[in-house]
Amino acid sequence: MDTRIKVPQALKAKVMLWTDVSYHDMEEIDKMQSIPDLESALCSVFGVDLPEPKRGVLLELYVQTVLFCRERSLKKEQTSALLSIIKSIHEANIETPLNNIEQCFKYCKELLLCHSVRRPPFSINLFSSEEVNCILKHIHNSYVRHYKLYKYIFTPQVKLDLSLTYSGIPDQDEPTVEDSSAPDVGNVTEKEAEADSSPQTQDASSAEPEGDTLGSKADLKALIEKEVREQMMHVSGQLDQRMKEIADQHNSALDSPQANHKAKK
């Protein structure tokens, strides 16, 4: 199993007229009126072979796209192209578990431009400016707004396994070596006991700094781990703030998509 994570990359837009859905497929889709029949037809056209809940989520995305096209009275070729655009945006999103919302949204706008400006063979005027405006709002409300949810369902979760190594610090306390030459307590005279009392006191006093050293090492470990946790929380907060800023930028961009469309023309 390949455990490498693909880095988000910029994608090149291209014309997608009749790419995934042929004219015959559109005739079959138009015949379906109920949601279950429409799901069955789209599942056959796109060859969806995924376990639940991925299968249900993906078919729901395609069904809502077809219903949107019917509501806007779009033609067969327009519906076919929009289904392929939605499919391409979704595939760009789930190709990596990393954050690539900027690349996906830019790719979405370039795909719409490829189908709204007559410049063969690079682009065609399949959608009008008004239709592009409505399609962009639909994609934002139905997909971009739920970008994290689609990524969570269709991409593997990435977890950070952080381990700390402390150089120069032993993993376990060194065992205490007992003195086998110590005299038998029962045979020690009173003078010998008095003579040995001072070395025992010195040994006890010398053992106290060792205990303090072990305690200081444990405190150092706790301090480092606390600092790492605080830094991780800080970085996580920065990422959340960045995601919020990107979402705000996309919302503001939708206020004047027609102006942006004319500017690029």
Inset, instruction - First compute the accessible area of segment 87-161 with a 1.4 Å probe, then give the percent of it belonging to carbon and sulfur atoms. - result: 53 percent
Inset, instruction - Beyond 18 Å between alpha-carbons counts as too far, so tell me which of LYS14/LYS244; LYS14/LYS54; LYS12/LYS109 fall in that bin. - result: LYS14/LYS244; LYS14/LYS54
Legend entry - Å² of accessible area per residue within segment 16-142, as computed with a 1.4 Å probe and no ligands counted: 47 Å²
Legend entry - Cα shape, segment 15-149, gyration tensor, a/c 1.5 rule: oblate
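The values are calculated or read from the model by the stated rules, or taken from the named source; none is laboratory data. Remember, predicted model here, so these are calculated numbers, not experimental data. Surface areas here come from the heavy atoms of the whole protein model, side chains and all, with no ligands, DNA or RNA. Shrake-Rupley method; radii C 1.70, N 1.55, O 1.52, S 1.80 Å.
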